[in-house]
1. Could you go through the stretch 86-100 and let me know if any residue there is without any contact (Cβ under 8 Å) to a residue 40 or more places away in the chain, more than 22 Å from Glu25 (Cα to Cα), open to solvent by 70 Å² or more (accessible area, probe 1.4 Å) and more than 17 Å from the chain's Cα centre (by Cα).
2. Evaluate the following for Arg60: is it over 31 Å from the mean Cα position of the chain (by Cα) and within 25 Å of Lys17 (Cβ to Cβ)?
3. Among the residues of the stretch 2-41, what is the count of those that are of a type in the set (A, V, I, L, M, F, W, C), open to solvent by 70 Å² or more (accessible area, probe 1.4 Å) and in contact (Cβ under 8 Å) with a residue 40 or more places away in the chain?
4. Pairs needed: first member in the stretch 177-195, in a loop (DSSP other than H, G, I, E, B); second member anywhere, at pLDDT below 85 and open to solvent by less than 40 Å² (accessible area, probe 1.4 Å); C-beta distance under 7 Å; at least 6 residues apart or different chains.
5. Look at Arg115 and say whether it is in contact (Cβ under 8 Å) with a residue 24 or more places away in the chain, assigned to a helix (DSSP H, G or I) and either open to solvent by 100 Å² or more (accessible area, probe 1.4 Å) or over 23 Å from Ser18 (Cβ atoms) (or both).
6. Only one of these conditions is not met by Gln103: (1) open to solvent by 80 Å² or more (accessible area, probe 1.4 Å); (2) within 20 Å of Val42 (Cα to Cα); (3) polar (S, T, N, Q). Which number is it?
7. When both residues are 6+ apart or on different chains and their Cβ atoms are under 9 Å apart, which pairs have a first residue that lies in the stretch 155-172 and is surrounded by 13 or more Cβ atoms within 10 Å (Cβ to Cβ), and a second that is assigned to a strand (DSSP E or B) and of a type in the set (S, T, N, Q)?
8. Within the stretch 48-70, count every residue that is surrounded by fewer than 16 Cβ atoms within 10 Å (Cβ to Cβ) and at pLDDT 80 or above.
Amino acid sequence: MNVEFIGKAVEWTDAMKSFVEGKLERFSRLLKEAEEDQVEVVVTLSTSRAKHKDYAGESRPTVFRVDLDIYLKTSGGGVIHAWEEDVDVFSALDKVLDEVERQLIKLKQRRLEQRRIGHKIKEELISSITAPSREIEREGPTIIEEELVIDKPMSVEDAIFELQESGVFFLPFVDAKTGELKIAYRKRSGSFGIINTKCKGA
């Protein structure tokens, strides 16, 4: 973590720098958890006189303003910015550092949520790629075995009549003339066909 101190009409003391660096040190963990290892910190200190409405006459004290910027160097990039004012320079520094810590915690939570969503999308993609083969195995055509009951031998004409009356698509029957097992079926054209199995009916 590179830290640059800028003073505008005010000098940074060693005590002030140590105070800031000590607080920034504990931010390293939050930055690492947010996958932000390379950062640059710029701390700008400036002064102004307090406004007339707050202090009368010449008794207006000096107000210290601290601007703190953290530049994130990773691919996501971005800047964290905070500023605070106080008549006590250490109080201003403490407040601005607390605000930066709050923003870093939010950044860490946002990055963790993004990673969680990324992992979820990845899992769904992998699942969608591998799912079809499992679904084919699981949702294959259902085969129901049914017993074929042929009441009595009948003529081809009777079989066609039975097919028309019943509304089924095919009808196995034993031909009364030959004793062979035949199948009467409906064609898409609306006509009928007969399949001769050449097998003798039982």
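The values are calculated or read from the model by the stated rules, or taken from the named source; none is laboratory data. On a predicted model such as this, the values are computed, not experimentally measured, just so you know. No Cβ is skipped: glycine too gets one built from the backbone with ideal geometry, and neighbour counts run over all protein chains shown. The protein model used for the area step is the full one, side chains on, heavy atoms only, and it has no ligands, DNA or RNA in it. Shrake-Rupley method; radii C 1.70, N 1.55, O 1.52, S 1.80 Å.
1. The answer is yes; a qualifying residue exists.
2. No: the conditions fail for Arg60.
3. Total satisfying the criteria: 0.
4. The qualifying pairs are Gly179/Gly201.
5. no
6. For Gln103, the exception is condition (1).
7. That search, which allows pairs on different chains as well, returns Pro172/Thr197.
8. Residues meeting the conditions: 4.
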